[in-house]
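All remarks here apply to the structure that follows.
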2 protein chains.
Amino acid sequence: MLAPEGQLATVAIGDVVTEAGEVIADTRIAYRRWGALQGDPNGVNNVILVEHALTGDSDAADWWSEAIGPGKALDTDEWCVICTNALGSCYGSTGPASEHPDGGVWGSRFPAITIRDMVHAEHAFLDRLGIGRVHAVIGGSMGGARTLEWTLLYPEQADYALVLAVSARASAWQIGIQTAQITSITQDPAWQGGDYHGTGQSPDAGLAAARRIAHLTYRGELEIDERFGTSAQTGENPLGPFRQDDQRFAVQSYLEHQGKKLTERFDAACYVTLTEALNRHDIGRGRGGLNKALASSTVPTMIVGVDTDILYPYHQQEHISRNLGNLLAMSKLSSPVGHDAFLVEARQMDRILRNFIKLTHEIPPAREIASRYGDYAI
Amino acid sequence: MLAPEGQLATVAIGDVVTEAGEVIADTRIAYRRWGALQGDPNGVNNVILVEHALTGDSDAADWWSEAIGPGKALDTDEWCVICTNALGSCYGSTGPASEHPDGGVWGSRFPAITIRDMVHAEHAFLDRLGIGRVHAVIGGSMGGARTLEWTLLYPEQADYALVLAVSARASAWQIGIQTAQITSITQDPAWQGGDYHGTGQSPDAGLAAARRIAHLTYRGELEIDERFGTSAQTGENPLGPFRQDDQRFAVQSYLEHQGKKLTERFDAACYVTLTEALNRHDIGRGRGGLNKALASSTVPTMIVGVDTDILYPYHQQEHISRNLGNLLAMSKLSSPVGHDAFLVEARQMDRILRNFIKLTHEIPPAREIASRYGDYAI
């Protein structure tokens, strides 16, 4: 019933109604799976749900290759790892670049979505697969936001959670820098109000500019400076008598490469949609505020941050850990790399993931505590 | 001979030859002055040169109103405070928006300049005023870069220096984020290759976008979040069914206001020119590298940074202080405000400035040590 090991597959989940009340008809969620499902799909089992970041896809064994696989921290000989592509993305799940049931591409007809909408869609996806409960949900950055929402939207269906490099809500600074990225896309003349698909034009310049800004929030200034400093790009002179776009510092060339790479693999409208979802990330909304929402959490949750993260500074993870109703553990990645450390500091992440798995064996999930002690304990 | 107290005046300094060999003909430097010059203009005197930041002007008694004036830390009853407008700016000094001697506006004919070019121009300006030596040079951010260059280009003519919130060279991250700002201006169709003056169009949209990004590097995320969090702008709903540019979070409105305000007072080409000068900031260039340049410094210099500065992180000021040949003192501003703390944390800056002035009375300048002990001591 599950997709073949590591193969992309798609599950139709019907209509999704967004938090703001719009309908996304005939939604599909793409996913990949590694390892065999063991145990009761609606009870104790070995499913680990991995949530990707903003421009990620369902191929977690690729982008987290040092974490997922036989013998690795998320050992696919032991665990059934499932990774979906988020609602609104462009790697198989329904998003603004997908075909609309009435014809053409969704484009500007695709509504604004929230992190909660993504989680509801993923929940519906698991339901279609007959999976009613998972051992753990794990994710960083936008994946961490989804993981946090999982613990609050479906606490009975996630036994444990590991939340990496994210905050309990968007900060004003994040909204500011993310809006700068959205604006750089929507002010590209090729944007055409979001309906550029099929016109032969696409806002690649705007998307590349957005990515260049974003990349500077993903990578710590220490790491970028160690690599490039003020070096000139080979064969170019950035110190000439006039400023010229083709006479660059090495870091400019690097950032332009990052921007261009993204335009070759990602859709601008999806980038806007997912970035807007991050702007709207707020686990306190409709739950009596941030700290009340955190305090209400029953799922044993481990929180991880990066000491040099400027996008989701470590104090934001400390804030979550102080207020969380069921804190499993807290860890800090120490790295010059900044936000992306959870993706690239393989040695430290290996320790953290193994520690998390170990804790999930040692500490009973919330519902077992509840059944032993009654509601009092939670 | 000096301009009347607080009045804008302009001094012609002739041709400036840039570091890359271009000539800026008929250059003028604008300035303001507060307090009477006392002492020997070419010897011991009471002149304090204040250097403004990127989009600042010569009206230091306005933008640093709590620091400069009678009875204040930079007491104009005691000191003659002089503040020039930087070469390349648009507040009276020659820059790309100024008239070209051959007619029209400089526009794209204005060459790339460096921090050193600004300091050479300022030195020529003082020379025209008959001032051959100053008690101190003080500046933050781009003004701090100029202050550092003063201590290396004209060590015999600056007795003391106070360098705030800057680094010894541009970091790769700074070059990246500053280039994002330059690009947002030069990719505005109204830019017209830098020759938009007199066309009835100007790249205001690009300049505003640049400022919105820049502002997020000037203001700490703690301060911005304390003020705005995820609040909606009054009367707007940023959580509606579709993303709309006119339904904003409060922080978006705030940043748009910051961007718009700058377009009303600053020229886009000057912004590009000064930002490019910051990209080229490197006191090690042609001096055997960064640490050799710092070690060669003889001017007693105080270094100040801000604990939450993401644009010029505090470790960059620590780096200067570790390597500086003649460190006078080191201070840290503690503030949620980030980089701009040196402009807005008035109480802490008052302490720092008074401490600096006191130290300049207690510690002899480098040339006095040299004359007493010979070259050995320096």
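The values are calculated or read from the model by the stated rules, or taken from the named source; none is laboratory data. Here the structure is a predicted model, which is why all the values come from computation and not from measurement. As a convention, Cβ positions derive from the backbone with ideal geometry for all residues, glycine included, and neighbour counts pool all protein chains shown.
At a glance:
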item: Residue in segment A:17-34 that is away from every other protein chain (no Cβ under 14 Å), over 20 Å from the mean Cα position of the chain (by Cα), part of a loop (DSSP other than H, G, I, E, B) and farther than 22 Å from residue A:264 by Cα present; result: no
item: Segment A:243-265 - residue that is of a type in the set (Lys, Arg) and either part of a helix (DSSP H, G or I) or touching a residue at least 24 places away in the same chain (Cβ under 8 Å) (or both) and, of those, surrounded by the fewest Cβ atoms within 10 Å (Cβ to Cβ); result: A:265
item: Qualifying residue in segment B:201-219 (condition: under 22 Å from the mean Cα position of the chain (by Cα) and not in a helix (DSSP H, G or I)); result: yes
item: Lone unmet requirement of (1) surrounded by fewer than 20 Cβ atoms within 10 Å (Cβ to Cβ); (2) in contact with a helix residue (DSSP H, G or I) (Cβ under 7 Å, 6 or more places away or on another chain) for residue A:318; result: (2)
item: Residues of segment A:155-192 satisfying the condition of being closer than 30 Å to residue A:369 by Cα and part of a helix (DSSP H, G or I); result: A:155, A:156, A:157
item: Residue B:41, sole failed condition from (1) under 30 Å from residue B:181 (Cα atoms); (2) touching a residue at least 12 places away in the same chain (Cβ under 8 Å); (3) more than 14 Å from every other protein chain (Cβ to nearest Cβ); result: (1)
item: Candidates B:308, B:273, filtered to the one that is closer than 30 Å to residue B:95 by Cα, touching a Gly at 6+ places or on another chain (Cβ under 6 Å) and hydroxyl-bearing (Ser, Thr, Tyr); result: B:273
item: Residue that is nearest to the other protein chains (Cβ to nearest Cβ) [pool: residues in segment A:238-258 that are under 16 Å from residue B:280 (Cα atoms) and among the acidic types (Asp, Glu)]; result: A:245
item: Tally of residues being more than 7 Å from chain A (Cβ to nearest Cβ) and surrounded by 24 or more Cβ atoms within 10 Å (Cβ to Cβ) across segment B:219-236; result: 2
item: Flag for residue B:190 being among the hydrophobic types (A, V, I, L, M, F, W, C), surrounded by fewer than 21 Cβ atoms within 10 Å (Cβ to Cβ), over 24 Å from residue A:231 (Cα atoms) and more than 7 Å from chain A (Cβ to nearest Cβ); result: yes
item: Scan of segment A:199-221 for residues that are at pLDDT 95 or above and of a type in the set (Gly, Ala, Ser), ordered by number; result: A:200, A:202, A:205, A:206, A:208, A:209, A:210, A:214
item: Subset of segment B:149-176 that is more than 20 Å from residue B:284 (Cα to Cα) and buried (at least 22 other Cβ atoms within 10 Å of the Cβ) - its residue that is nearest to the other protein chains (Cβ to nearest Cβ); result: B:160
item: Which numbered condition residue B:185 fails, given (1) crowded, with 20+ Cβ neighbours inside 10 Å; (2) facing chain A (nearest Cβ under 9 Å); result: (2)
item: Selection count, segment B:271-288, where residues are more than 11 Å from chain A (Cβ to nearest Cβ) and surrounded by fewer than 24 Cβ atoms within 10 Å (Cβ to Cβ); result: 3
item: Residue count, segment A:99-148 (criterion: surrounded by fewer than 23 Cβ atoms within 10 Å (Cβ to Cβ) and under 30 Å from residue B:245 (Cβ atoms)); result: 11
item: Among (1) touching a helix residue (DSSP H, G or I) at 6+ places or on another chain (Cβ under 8 Å); (2) touching a residue at least 60 places away in the same chain (Cβ under 8 Å), the one test that residue B:157 misses; result: (2)
item: Failed item in (1) surrounded by fewer than 24 Cβ atoms within 10 Å (Cβ to Cβ); (2) more than 14 Å from chain A (Cβ to nearest Cβ); (3) under 26 Å from residue B:111 (Cβ atoms), with residue B:204 passing the rest; result: (2)
item: Odd one out for residue B:304, checked against (1) crowded, with 16+ Cβ neighbours inside 10 Å; (2) within 14 Å of another protein chain (Cβ to nearest Cβ); result: (2)
item: Which listed residue is within 14 Å of chain A (Cβ to nearest Cβ) and over 28 Å from residue B:217 (Cα atoms), from B:109, B:133; result: B:109
